[in-house]
């Protein structure tokens with residue numbers, strides 16, 4: 001009796017094994033559908049990216065090929081008056097404004113962010129993971145319009161009263177952006193520092209280096225590409241930010257003249273004028289050219305990130 | 001699962017009811033609360049509307065008025081669908097010209113915007129908006145001559161003491177070059193003179209905030225945006241009020257336009273006619289800070305030529 005059941009059991013077991021080892025029809029179709037769905041998703045993404053690039057390029061390039069604005073004038077002249085007689089299409093004030101405000105933000109946020117990352121990972125890991133990290137993640141989630149409004153309500157009047165200037169300035173924009181990109185820099189840098197092998201720290205300490213010497217010369221040194229990645233990521237976010245910056249920089253279309261002078265950026269120039277211009281007019285096309293510039297810049301940032309990533313892998 | 005979905009349905013119903021109450025309250029302010037309901041049932045038995053959705057896109061300045069009128073219109077005409085969107089005057093004009101929108105809302109004449117086939121569009125002027133130079137209440141100046149205003153906005157005068165005020169630096173608050181408000185102000189208050197560069201913001205709310213908070217700031221706002229935080233300046237001694245604007249004694253005003261491509265038809269026509277009725281003109285238009293188009297004693301064309309009505 002028991003013998004027979006055993007025989008049935010082994011038979012069943014072998015059947016199951018066979019089923020699991022050989023692909024049956026259902027599994028095959030499942031595989032194919034899964035593959036197709038994933039492929040459609042990936043393809044769709046590629047198509048969207050390509051068509052956006054094509055669209056912006058075709059619009060943006062028509063400034064030069066249809067409206068006859070010279071590329072050199074566009075990039076190097078500082079007079080912006082697309083509806084004037086004669087019209088002028090110099091976007092240099094916007095370009096410089098974007099670069100200056102981004103650089104200022106990175107200058108402020110990079111030391112702070114990397115410092116906080118060191119604190120979080122090396123000096124006080126328990127507190128850092130439990131309190132600091134969630135707080136920083138919270139900062140990422142605050143919408144940019146809120147940053148802008150806080151900047152407009154608190155920061156601009158503060159700068160005005162402290163320095164007896166207008167308030168709307170490169171400095172205000174840089175500070176708001178620094179606050180915005182601080183969490184990005186901190187969390188990416190923290191990941192990079194955490195990824196430094198413990199052996200390196202042990203070896204350094206064993207050689208008699210102090211804790212700070214270890215952090216400064218060994219940990220930070222080997223996490224450098226990661227920290228640079230963090231800064232570039234932050235800068236690319238700062239470069240593309242429109243709303244918060246627009247609210248505090250004053251949007252005066254002139255070359256940046258100092259920390260306390262109002263400036264314009266590429267993004268604020270686009271958002272302020274987009275709704276009021278007519279599609280197909282030179283004015284509108286010029287705004288698309290500015291968008292194309294922004295896109296080109298973000299490509300450059302991505303290329304830098306890739307190069308940094310490769311360097312990190314090589315190590 | 002079943003319980004959950006039941007709860008969901010119940011919640012949705014409650015939500016819909018609440019939403020209904022909310023919109024009812026805002027749509028029909030106090031007195032004639034029951035009247036529209038009656039009319040609604042009337043029009044329900046004899047449907048006048050084609051039910052084709054009408055989209056009105058464009059000027060953000062005009063948007064609140066069109067939204068309110070659309071709400072009232074839909075309450076009266078069951079089945080009518082009017083969607084109102086912002087986007088700016090330029091967007092409105094180009095969308096209606098391309099046929100993407102039924103109605104294009106604009107603060108300026110289509111003729112004033114380059115690249116718009118103005119001859120294909122039919123203008124419906126629905127309201128008038130006055131604009132005035134705005135300063136913070138700290139500025140002790142109440143009146144400027146046109147020449148002083150021009151000198152200030154072109155950057156010739158940079159201190160309030162030169163126009164009879166205290167020793168305080170003047171800060172200009174501008175609109176973007178493409179803005180309809182800027183076009184109107186520059187045309188009628190500054191005689192078309194090129195404005196000097198200043199702080200530039202698009203939204204009237206932000207402009208008002210900046211003027212109110214920055215000492216010595218001057219900008220311009222539609223009359224509907226004035227409150228206690230900013231002060232309207234007289235121009236050549238003339239105050240910007242309804243009486244002076246309707247007679248053109250105060251020249252800085254603009255029409256609010258609703259353009260259609262070709263003559264308006266169907267629900268769009270009914271809606272545009274509705275906006276011109278006394279009910280909207282005397283109530284909604286005035287409440288929102290505009291002037292009724294029906295009150296105007298003068299007419300002005302796209303070139304700025306004024307004729308008595």
- Task: For chain A, find the longest principal axis of its Cα atoms and tell me its angle to the long axis of helix A:92-118, 0 to 90°, nearest 10.
- Result: 40
- Item | region A:57-142 - Debye-derived log10 I(q)/I(0), Cα point model, q = 0.10, 0.12, 0.17 Å⁻¹ | -0.52, -0.61, -0.77
- Task: Take the Cβ-Cβ distance between residue A:165 and residue B:263 as r, set R0 to 56 Å, and report the resulting FRET efficiency rounded to the nearest 0.05.
- Result: 0.50
- Message: Largest first, please: the extent of the C-alpha atoms of region B:118-196 along each principal axis, to the nearest Å.
- Response: 52, 23, 19
- Query: What residue among A:175, A:154, A:243 shows peak mean-square fluctuation when chain A is described by a Gaussian network model with Cα springs under 10 Å?
  - Reply: A:154
- Query: Dividing the convex hull volume of the alpha carbon atoms of region A:101-154 by its residue count, what do you get in Å³ per residue?
  - Reply: 92
- Task: Mind giving me the FRET efficiency for residue B:162 and residue A:87? R0 is 41 Å, r the Cβ-Cβ distance, nearest 0.05 is fine.
- Result: 0.80
- Considering chain A as a Gaussian network with a 10 Å cut-off on Cα pairs, which listed residue, A:37, A:193, A:302, attains the greatest mean-square fluctuation? A:37
- Message: Using a Förster radius of 56 Å, what is the FRET efficiency between residue A:202 and residue A:77 based on their Cβ-Cβ separation? Nearest 0.05, please.
- Response: 0.45
- For chain A, what's the radius of gyration and Dmax over Cα atoms, in angstrom? 27.6, 105
- Note on the structure: If one builds a Gaussian network model of chain A from Cα atoms under 10 Å apart, the most fluctuating residue listed among A:160, A:211, A:237 is A:211
- Task: Compute the Cα gyration tensor for region B:129-246, then decide on rounded, prolate or oblate, letting a ≥ b ≥ c be the square roots of its eigenvalues: rounded whenever a/c is under 1.5, prolate when a/b is larger than b/c in the other cases, and oblate in all that remain.
- Result: rounded
- Shape of region A:172-264 from its Cα gyration tensor (a ≥ b ≥ c, root eigenvalues): rounded if a/c is under 1.5, otherwise prolate when a/b > b/c, or oblate? prolate
- Task: Take the alpha-carbon centre of region A:104-128, take the same for region B:94-152, and report the distance between them in whole Å.
- Result: 50
- Query: Once the Cα atoms of helix A:224-240 and of chain A are each reduced to a long axis, what angle between those two axes, in degrees from 0 to 90 to the nearest 10, is obtained?
  - Reply: 50
- Message: Output needed for region A:236-315: three equivalent-ellipsoid semi-axes, defined as square roots of 5 times the C-alpha gyration tensor eigenvalues, in descending order, whole Å.
- Response: 29, 18, 10
- Query: Taking the simple approach of a point 7 Å from Cα along Cα-to-Cβ for both residue A:124 and residue B:303, what is their distance in nm?
  - Reply: 7.5
- Message: I'd like to compare A:131-142, B:228-239: which one has the highest average count of other Cβ atoms within 10 Å, and what's the full order after that?
- Response: B:228-239, A:131-142
- For region A:123-199, the Kirkwood Rh over every pair of distinct alpha carbons, in Å, works out to 14.4
- Please state the relative contact order of chain A as a whole percent: Cα pairs under 8 Å, 6+ residues apart? 24
- Roughly what would the spin-label model give for residue B:247 and residue B:282, points 7 Å off Cα along C-beta, in nm? 2.3
- So what's the gap between the Cα centers of region B:188-213 and region A:138-214, to the nearest angstrom? 34
- Using the Kirkwood radius built from alpha carbon pairs, what does the Stokes-Einstein equation give as D for the protein assembly as shown at 10 °C and 1.306 mPa s, in µm² per second? 55
- Which number comes out as Rg/Rh for region B:196-243 once both Rg and the Kirkwood Rh are worked out on C-alpha atoms? 0.97
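The numbers here are math on the coordinates, done by the rules we state, and not lab data. The model shown is predicted, which means the values in this text are computed figures rather than measured ones. Virtual Cβ from ideal backbone geometry, glycine too; neighbours counted across all protein chains shown.
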